[in-house]
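Data first, discussion second: the structure below is written as C-alpha cells.
The values are calculated or read from the model by the stated rules, or taken from the named source; none is laboratory data. The model shown is predicted, which means the values in this text are computed figures rather than measured ones. Every residue, glycine among them, receives a Cβ derived from its backbone with ideal geometry; neighbour counts consider all protein chains shown.
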Amino acid sequence: MLSVSNISVTLPNGKRLVDHVNFRVGRGEFVAILGSSGAGKSLTLRCIVGLTQPSEGEISITGEAGKIYHSTNVCAKELRRARRHIGLIFQGSNLVKRLTVLENVMLGRLGHISPWRSCLFGFKDSDAREAMVALDRVKMAPFAARLAGSLSGGEMQRVSIARAIHQRPLIYLADEPISSLDPKNAEAIMAILQPLSRETPVIGAFHQPGIVAKYCTRALGIHAGKVVYDGSPQMLPHQLESIYSGSDQQAYFPVLESNVPPSFFGPSAQPSLQQGVPV
Amino acid sequence: MATFPTPDPRLNPPFVEWKESLASKRKKQWTIFIILALLVTVTSWRCEVNVNSFITGIHKGIPLFGMFFPPEWSSCASMMQPMAVTIVLAIIATILGMSFSLPCALAASFNLAPTPLRILMRSFIALERGLPEIVQLLLLIAVFGLGIIPGLIALSLSSIGMLAKLLADVIEEIEPHMLEAVAGTGATGAQIIRYAVIPQVLPALFANGLFRFEFNVRAGVILGAVGGGGIGYVMSTAMGSLDYQRACMATLLTLVLVFTAERISDFLRARVLDGGVVR
C-alpha cells in the first residue's frame, strides 16, 4: 500500500508546485491522476519514486509482512531499497536504445541483484528466462532480440511495462503512458495495465477522461498542485471544469536543467529556481 | 513602420518583426565578412607576403622538384621496418586513447560526475587539447630522450584528450528520462553507467576511435620527423642529407600508408555504425 501524506514541493521563491497532496492507494486500485500540464501530476509521481524530494511531507510504501519503505528524507541506499519496489513506466522513449529488448526488460531487476556481479558478468540465464515471461505478458516475446531503438512508440511502451513487471514491484507508477500513442495503441496499453492493477496497484497520469472512465477504478484531479477531486472516474465529466480551469502553467522539470545537480544516484536536491522547460 | 501587403492587417506587425530580424542578421554577416577581409589584407601586408617572392620561389623550386625523381626504389625494403614502427605506434596510441578516454569522459560529463571532479577533468582535457602534439613531443623528448616512447606518449595523451571530449559530449546528450528510468529500478551508480551509459556511447567510442586512428597515422609521421622514430624520421634524415630520391620513396610509402589506414577505418566505421559489430 502506498501512502502519500501531506507532500508539498515549494520553489525557493515560495511558489508551490505541489500543495499538501494526500492520498492512499491500496490493493486492486487503478488510480488515474488528471490535470492540465504543469498542475503537478508528474512531480507528484517523481516524488513517490524519489527523483524529486518534496519540501515537506512523507511517502511510504508498505510491503509484505508490514515492511515499510520510505522514499522521502532517506539516504541514497534506503532510497534505492524503496525504488526496487516501485515499477516505473515513463511516457515514451525511456528504453536504453542500444540494448536489446530483452536486456532492457532485465534492467528492471538491477536493484535486486548484486551490483558487482551485474557490472562484471552481466545477467544470468535464469534472469533472462524470467524476463521472457514478462515480455510475453505484453505480447512482445518475438521481439526479444531486436534493438530497443528499432521499435515503434507503442512497442517501446509495452517493453517498458514488461520491465516494470519483471521488477515485481509493490506498486506501478505510470507517467502519461499513453500520451504519445494513437487511440488503438493507447487502448491496448490500458488493456495491459488493467489486469496488472488487480494484483498490484497502478497509479498513472492521464489526459484522457474517456479512457480513464473505461479502465480505472479511481480518479484524482489535480489543479495548481492541489487535489481537487478524488472519486469515481465515472463522475469525471462533471468535474472537468474544476480540474482544468484557467491555468496553463509551464511544467516544472528539474533534471532537464544543466545546473541542477544530478539526481540519479541518490536523493535529489531541492528544486531550484531554474525552470521553464515546457514539457 | 513599413507596411507590407499582407492579407490581414493583424499579420503586419509580426511580419515586419520577421523582416527586421532578417535584415539585422544580414548586417551581422556583412560585418563579419568585412572584418575577415581586412584581417587578411593587413596581416599579409605586415608579414610581407607578396606575389613576387612567390614567383621567384617557384622558379627555384621547379628544377629542385625534378631532383626527387625517380624515387629510389631500392630503399623500399629497408623502409619497411620504420613503416611498421609508425603503424604500431598509431595502433597502440589509439587503443590506449580509447581505453582511457571512457573513464575520463564519464568524469567530465555534467549529468554523471560531481561538479569538482568534472571541472578537474574538463580542465585536464582542455590543457591536453591546448598543447599541440609537437609541443608535447618536444617536452617529452626532453624527459625520455629521442625514440619511440615520447612519440607514443604524446600520441596517446592527445588521443585521450580528443576522444574524452567527444565522448563526454555524447554522454551529456543521453536523455535524462532514460537514466531516470534505470535509476528508478533501484540501480546503483555503477549499474546505471554499465547498463544505460556505456551501451549508448560505445558506438561513438568506436567510430571516433577509428577516426582518431587515421589521424594518429598521419600525426605519427609528423612526430617521427621531429624525432619520434618511424617513417617520418627516415624522411627527415633523407631530406637533411639532400638525398631527395630517397625522401621521395619515403613520401610515396607514407601516402600508401595513410590511404590504407583511411580505407580500413572507413570500412570498419561503416560496419560499427550499421550495428553489426558493436551494438
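Summary table below
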item: Candidate set from region A:43-57 (those that are hydroxyl-bearing (Ser, Thr, Tyr) and crowded, with 24+ Cβ neighbours inside 10 Å); member that is modelled with the lowest pLDDT; result: A:Thr52
item: The lone exception for A:Ala131 - which of (1) within 24 Å of A:Ile178 (Cβ to Cβ); (2) of a type outside the set (Lys, Arg); (3) away from chain B (no Cβ under 14 Å) it fails; result: (3)
item: Count of region A:226-269 residues which are farther than 22 Å from A:Pro177 by Cβ and either at pLDDT 85 or above or under 18 Å from the mean Cα position of the chain (by Cα) (or both); result: 6
item: Test: A:Val96 is farther than 16 Å from A:Arg163 by Cα and either within 14 Å of chain B (Cβ to nearest Cβ) or within 16 Å of the chain's Cα centre (by Cα) (or both); result: no
item: Among the residues listed as A:Ile192, A:Ile222, the single one being in contact with a Ser or Thr (Cβ under 9 Å, 6 or more places away or on another chain) and β-branched (Val, Ile, Thr); result: A:Ile222
item: Criterion: of a type in the set (A, V, I, L, M, F, W, C), buried (at least 23 other Cβ atoms within 10 Å of the Cβ) and within 14 Å of chain A (Cβ to nearest Cβ) - qualifying residue of B:Val217, B:Val197; result: B:Val197
item: The listed residue being assigned to a helix (DSSP H, G or I) and under 28 Å from B:Gly189 (Cβ atoms), out of A:Ala164, A:Ala186; result: A:Ala164
item: Check on B:Val234, touching a helix residue (DSSP H, G or I) at 6+ places or on another chain (Cβ under 6 Å), within 14 Å of chain A (Cβ to nearest Cβ) and part of a helix (DSSP H, G or I); result: no
item: Among the residues listed as A:Glu103, A:Glu78, the single one being within 12 Å of another protein chain (Cβ to nearest Cβ) and more than 27 Å from B:Ile171 (Cα to Cα); result: A:Glu78
item: Residue match in region A:127-148 (condition: assigned to a loop (DSSP other than H, G, I, E, B) and under 20 Å from B:Gly186 (Cβ atoms)); result: no
item: Qualifying positions in region A:119-139 - among the hydrophobic types (A, V, I, L, M, F, W, C) and more than 21 Å from the chain's Cα centre (by Cα); result: A:Cys119, A:Leu120, A:Phe121, A:Phe123, A:Ala128, A:Met132, A:Val133
item: For B:Ile92: the one exception among (1) surrounded by 14 or more Cβ atoms within 10 Å (Cβ to Cβ); (2) under 30 Å from B:Asp243 (Cα atoms); result: (2)
item: Residues being surrounded by 14 or more Cβ atoms within 10 Å (Cβ to Cβ) and without any contact (Cβ under 8 Å) to a residue 24 or more places away in the chain - total across region B:69-89; result: 1
item: Flag for B:Phe206 being closer than 24 Å to B:Glu128 by Cα, within 14 Å of chain A (Cβ to nearest Cβ) and touching a residue at least 24 places away in the same chain (Cβ under 8 Å); result: yes
item: Every residue from region B:44-68 that is exposed (fewer than 10 other Cβ atoms within 10 Å of the Cβ) and outside any helix (DSSP H, G or I); result: B:Cys47, B:Glu48
item: The lone exception for A:Leu181 - which of (1) away from every other protein chain (no Cβ under 14 Å); (2) surrounded by fewer than 18 Cβ atoms within 10 Å (Cβ to Cβ); (3) modelled with pLDDT under 90 it fails; result: (2)
item: Listing of helices (runs of 4 or more DSSP H) fully contained in region B:127-194 that carry 3 or more residues being surrounded by fewer than 18 Cβ atoms within 10 Å (Cβ to Cβ) and away from chain A (no Cβ under 14 Å); result: B:133-144
item: Per-region count, region B:104-123, residues away from every other protein chain (no Cβ under 14 Å) and under 13 Å from B:Met162 (Cβ atoms); result: 2
item: Breaking point among (1) under 18 Å from A:Met132 (Cβ atoms); (2) within 12 Å of chain B (Cβ to nearest Cβ); (3) crowded, with 24+ Cβ neighbours inside 10 Å, for A:Leu88; result: (1)
item: Condition met for B:Val258 (under 28 Å from B:Leu140 (Cβ atoms) and in contact with a Gly (Cβ under 6 Å, 6 or more places away or on another chain)); result: no
item: Residue check, A:Ser126 among the hydroxyl-bearing types (Ser, Thr, Tyr) and either surrounded by 18 or more Cβ atoms within 10 Å (Cβ to Cβ) or within 11 Å of chain B (Cβ to nearest Cβ) (or both); result: no
item: Count of region A:161-178 residues which are more than 11 Å from the chain's Cα centre (by Cα) and buried (at least 22 other Cβ atoms within 10 Å of the Cβ); result: 7
item: Residue list for region A:184-206, restricted to those being closer than 22 Å to A:Asp127 by Cβ and either within 14 Å of chain B (Cβ to nearest Cβ) or within 14 Å of the chain's Cα centre (by Cα) (or both); result: A:Thr200
item: Residue under evaluation A:Arg117, criteria (1) more than 24 Å from A:Ala205 (Cα to Cα); (2) of a type in the set (Lys, Arg); (3) in contact (Cβ under 8 Å) with a residue 60 or more places away in the chain, criterion not met; result: (3)
item: Residue under evaluation A:Thr62, criteria (1) within 12 Å of chain B (Cβ to nearest Cβ); (2) over 22 Å from A:Ile189 (Cα atoms), criterion not met; result: (1)
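Residue-by-condition table, conditions (1) free of Cβ contacts under 8 Å to residues at least 12 places away in the same chain; (2) among the polar types (S, T, N, Q); (3) over 22 Å from A:Phe206 (Cβ atoms):
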{"position": "A:Met106", "(1), (2), (3)": "no, no, yes"}
{"position": "A:His112", "(1), (2), (3)": "no, no, yes"}
{"position": "A:Asp125", "(1), (2), (3)": "yes, no, yes"}
{"position": "A:Ala134", "(1), (2), (3)": "no, no, yes"}
{"position": "A:Ala144", "(1), (2), (3)": "no, no, yes"}
{"position": "A:Glu176", "(1), (2), (3)": "no, no, no"}
